[in-house]
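Read the figures in this text as sums done on the coordinates, not as results from a lab. As the structure is a prediction and not an experimental result, all values here were calculated from the model. Glycine also receives a Cβ, built like all others from the backbone with ideal geometry; neighbour counts cover every protein chain displayed.
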Amino acid sequence: MASAAKKMYMVEGPSSDDNASRQHFDVNDWYLDDPELGSPGTSVSLSGDVPTNTQLDQPLVKTLSKKHTSDSDTLYSRSEPIVVGAHPRSRTEHHRNGLDTEGLQTIHHPQRSPGSHALSHGNVLTSHFYDTAALPLKDRTEAVLFRHYIQKIAVCLDCCDPLKHFELVVPERASTCHTLLNAILAVAARHLSHTTDFDPLASNRYHDECLKYLIPMMNHYSAVADDNLFAATIILRMLEEMDGSLTGQDNYSHLLGIHAFANAGDQYMVPGSLSAASFWVGLRQEIYIAILTQQCVKLNLDDIIVDRSLEPADDYTWSNRAIILLADILNSCFGDTPLTIQRWTALNDAAESWTRARPPSFNPFFYREGTGSGTFPEIWHGSSCHILGIQHHLLAQLFLVQFDPSIPRVGTNRRAAMQKMTVSHEYDGEFCHMQLLIKWKQRIEALMRELCGLGISNQWTPPAMFTACIGIAMFGDHFGEESEQRALAEFLKKTETAHARPTAVIQQQLMKAWGWADADD
């Protein structure tokens, strides 16, 4: 097995654009002088004559329950790249001139200048913009929160975005958009309250201030055109994740808001825009909940920015392709229609094709097998997009193994089918293959070790830890050796204390599943 240990998924050499995530940042000596965070006092009237969704007979809430199903016969038969912009009016023209909606004034894209505002009749949408720039901030504690967002939070959202919208664009937009600013301050305060002794109530004040404007605006037809609101909803969903658990038990209120924006239609999703960046983050957030609740992904997976091809592309596109593939697999596993052998084979072929065709840059620059039972392999990568792409691909393989319809669920044939399972392990950048006969359970354990190895070896990018925790929550009970169980439990604890992701409930559930005597301690 020593030769088999040299896997393809081998972890972290910090890249130049990840500096913010590795800088030391200690707020303890800053905020104690000013522990109380004052909520912004801006009060803007929401009066106006803008027609609501109900009046237009196009209620925005309809998009919350929208389900989009791809054609399973053609989903992975596409050989040509997706062509962007094949519409009567080009996407570029929409981006340049704004969106014309009957009964509303033109909504201009706010990215063009720091002081530009989204416009609508009656100032309903502009109610979440400041009349004057809110930056520089006057309160030092709020400045601490703002910087903490840029250095610690934004890097978690920008993992698969080469333009780093949440680090670079969102803070600039927050200068004039108080909905965004309050979302930034809320999530930063929540993160600090979970990882330090920062005021645990501070986040609530900013969150409430944000919702005061966000909720009324979401009742208007033109709200889905505002990418500032989309980004704010993404940030608030991250806050919601910090307050939830790895059991899927949260209220999903901001996830429903993400559905509204992401399923609104192609005309609002300009490639390379803040809306597109928000879509990809929202899809990852939706995937995590789909896994934990064992339900389908509720976002539109056939948006114009989605690419399932294997054509040459940048590494970020390849990572997003892996994420889309995982979403497709989850929809097949948890859909109303049973997963057929034909469909499973098509998805499995797509997963193998992604592995073969992906760029060599996805290979780790260092790999070392775990030194003993209860240790994970060291798998070092230099880019967060590589780590997230590979981890989502590992999750995809885990669900393909778990839901393989060729393995009988019960009966004497089940053991024989598991014994015949042939697994392809990969090595180095040459994509060499070796067929190893291992059991179904061992296959899951092997994938899980790589998933956790990627997380523990690349802690400089926090999503690597959290993504691995999703796998632990779903497949951790397969591990029978106590040393490995304790390693998984420590992994969950470290993620909670260092990255503000609650894991206590799933720790208790796994300890009970493992039969630990101290499961209730």
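Highest mean first, the peptides 177-187, 387-397, 470-480 sorted by other C-beta atoms within 10 Å per residue fall in the order 177-187, 387-397, 470-480.
Once label points are set 7 Å from the Cα along Cα→Cβ at both Ser309 and Arg486, what is their separation, rounded to one decimal in nm? Going from the Ser309 label point to the Arg486 one covers 5.3 nm. The slack in the chain from Gln402 to Gln442, taken as 0.36 nm per residue of separation less the alpha-carbon distance, amounts to 13.2 nm. Each part gets one Cα centre, and for region 274-306 versus region 347-393 those centres are 22 Å apart.
Past the 25 Å Cα-Cα mark, which pairs from Lys441/Lys512; Lys152/Lys441; Lys152/Lys512? Distance filter (> 25 Å) returns Lys152/Lys441; Lys152/Lys512. The relative contact order of region 342-405 comes to 33 percent, based on Cα pairs under 8 Å that sit 6 or more residues apart.
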